[in-house]
Amino acid sequence: MPNRIASPSAIIAGGSIAGLAMGMMLRRRGWNVVIAERSAQELSGRGAGIVTHRQLWNALAQCGVDTDGKDGVALLERVTWRPDGSVALRMSHPQVMALWDRLFSLLRNLWGGEGYRLGCELSGVRQSPGSVIAEFADGSEIEADVLIGADGIRSAVRAQAMGNAKPLYAGYVGWRGMVEEADLPPAVHAELFEYFCFCLPPSEQIIGYPVAGDGNDLRPGHRRYNFVWYRPADAATTLVDLLTDEEGVSHNLAIPPGKIRAAHIAALREAAGNILSPQFAAVVRAAKAPFLQPIFDLDSDIIAQGRVALIGDAAFVARPHIGAGVTKACEDAVALANALAGNSNVPEALQAYQRVRLPEGKRIVQRARDLGRSLQAQMVSDEEREAAILHHTAEAVMIENASMDF
Ligand SMILES: Cc1cc2nc3c(=O)[nH]c(=O)nc-3n(C[C@H](O)[C@H](O)[C@H](O)COP(=O)(O)OP(=O)(O)OC[C@H]3O[C@@H](n4cnc5c(N)ncnc54)[C@H](O)[C@@H]3O)c2cc1C
């Protein structure tokens, strides 16, 4: 017998940024909400850097997060370095760089302990005209007015209720890492640290920017430099090799940071010296634990069905160049809460949400695809080749990547 939550009520699968933003939006409107998170451990203490936008701070404010929109390292300029270490272009572009963990913790602390269940994995969904029942891996069930899938790129809610949108590998990976500010050589620190920096070797791209140190420490000398180095990796060969650990176990789609083979990290450091500007090469070499993220697109044709809706990465995943992941997740939450507030008929409200956010999700995914074309291992069509040329100049990359107007 499912545990029925009193109306108006919502179950949210996934307790990361999208799930918490959604929960806060609904709870502030008087809804009874349970957030079910698969991970048995709290998510805090993980993640790396996030490029923020005005839209993100606006959405967080609507969730009740009280910041002045400056909760990170404020930068004024973008710089592109040529591989020989000279400046290709400088551009004024004020922007705040935050930590994923800081944004998560702001929402998590606001939510508190009640109604946030760890180790709670959604495994099934049943709908009736008057309610929806979420089934969990431990055999428990919860019944509510609406079920919201905030359970990420491999969403179980999506698989159960919306058919078969699948993540598509983009043909390249992002090597990510962070370096303590104090570990950077002074000359490199002076050239990189106060800027959002880029370097564009053929078919590759590295970006870097400063973020807070441990515990959101923003004091000069205590911050970190965060980088993402995009490198083509053929799906059938290079990617499989990168995802195979020291024991010969081949990981599917993602490899835990501690499992990456030492030889791959050594090869990355060596390639940095051959391919990147000297400033970025020094950053990559100084990173103690670089980790790997294969890049995917997820494009959906449906994000609402009956009493079930998808938000955040469960609905759409755009490549990171556009810097939209966290912002889109929070904007989805705001839009869905507004739709539910505007119509007490839940299925109609979810359709209204879909009419607004489906085209926006598709637009963002396409935009990010265009920005990432030049990094793909293979480009098959003329359009892909044209987009690659168009979006790989220093000027285009600095104007278009992670900018305010995605
Ligand atoms: C620990 C962590 C660190 C991250 N760090 C960064 C970062 O540094 N930079 C960056 O750009 N992005 C990062 N992300 C991704 C970023 O949060 C998302 O791209 C974006 O914010 C959209 O968030 P989301 O909540 O939709 O998805 P996600 O953040 O992916 O969260 C999905 C959540 O759903 C949970 N879940 C999955 N399946 C189930 C299930 N069946 N039942 C219940 N729960 C389930 C997962 O455990 C996860 O907590 C991170 C995500 C996580 C979880």
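So the values come out like this:
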{"read-out": "Rounded tilt (10° steps) of 262-275 against the dominant C-alpha axis of the chain", "value": "50"}
{"read-out": "Summed side-chain charge close to Ala21 - residues other than Ala21 whose Cβ falls under 10 Å, Lys, Arg +1, Asp, Glu -1", "value": "-2"}
{"read-out": "Values of log10 I(q)/I(0), in the order q = 0.12, 0.19, 0.23 Å⁻¹, for region 306-380 under a Debye, Cα-only, solvent-free model", "value": "-0.38, -0.75, -0.97"}
{"read-out": "Rounded, prolate or oblate (a/c below 1.5 giving rounded, otherwise prolate when a/b exceeds b/c) for region 207-344 by Cα gyration tensor", "value": "oblate"}
{"read-out": "Theoretical gain in end-to-end length, Ser403 to Ser86 [0.36 nm per residue, Cα-Cα removed]", "value": "111.8 nm"}
{"read-out": "Entries in Lys288/Lys328; Lys166/Lys259; Lys328/Lys362 that, when Cα-Cα distance is taken, lie over 20 Å", "value": "Lys288/Lys328; Lys166/Lys259"}
{"read-out": "Computed label-point distance, nm, for sites Tyr169 and Leu118 using a 7 Å Cα→Cβ extension", "value": "3.3"}
{"read-out": "Protection proxy ranking, peptides 313-320, 358-365, average beta carbon neighbours within 10 Å, highest first", "value": "313-320, 358-365"}
{"read-out": "Relative intensity, log₁₀ I(q)/I(0), of the chain from a Debye sum that treats every alpha carbon as a point, q = 0.07, 0.14 Å⁻¹", "value": "-0.33, -1.27"}
{"read-out": "Global form of region 279-318, assessed from the alpha-carbon gyration tensor, a/c cut-off 1.5", "value": "prolate"}
{"read-out": "222 nm mean residue ellipticity, helices alone, for the chain (DSSP H n ≥ 4; -39,500 (n - 2.57); rounded to 500)", "value": "-10000 deg cm²/dmol"}
{"read-out": "The chain, relative contact order in percent, only Cα pairs under 8 angstrom and at least six apart counted", "value": "20"}
{"read-out": "Rounded accessible area per residue of region 1-148, 1.4 Å, Å²", "value": "42"}
{"read-out": "Among Leu107, Leu242, Leu99, residue whose mean-square fluctuation peaks in a GNM of the chain (springs only between Cα atoms under 10 Å)", "value": "Leu242"}
{"read-out": "Region 1-46 versus region 100-114: alpha-carbon centroid distance in Å", "value": "12"}
{"read-out": "Within a Gaussian network of the chain (alpha carbon springs, distance under 10 Å), most fluctuating of Ala394, Ala40, Ala13", "value": "Ala40"}
{"read-out": "Gaussian network model of the chain, Cα within-10 Å springs - most flexible of Thr52, Thr237, Thr327", "value": "Thr237"}
{"read-out": "Relative pair counts by distance (%), Cα atoms of region 67-214, 5 Å bins", "value": "2, 7, 11, 13, 12, 12, 11, 10, 9, 7, 4, 2, 0, 0"}
{"read-out": "Degrees between helix 325-342 axis and first principal axis of the chain (Cα, 0 to 90, nearest 10)", "value": "20"}
{"read-out": "Portion, in percent, of the accessible area of the chain that falls on carbon or sulfur, probe 1.4 Å", "value": "51"}
{"read-out": "Extension gain (nm, one decimal) between Arg355 and Asn216, 0.36 nm per residue minus Cα-Cα", "value": "46.3 nm"}
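The values are calculated or read from the model by the stated rules, or taken from the named source; none is laboratory data. No experiment lies behind these values; they were computed from the predicted model shown. Virtual Cβ from ideal backbone geometry, glycine too; neighbours counted across all protein chains shown. Keep in mind that these areas ignore ligands, DNA and RNA; they rest on the heavy atoms of the full protein, side chains included. Shrake-Rupley method; radii C 1.70, N 1.55, O 1.52, S 1.80 Å.
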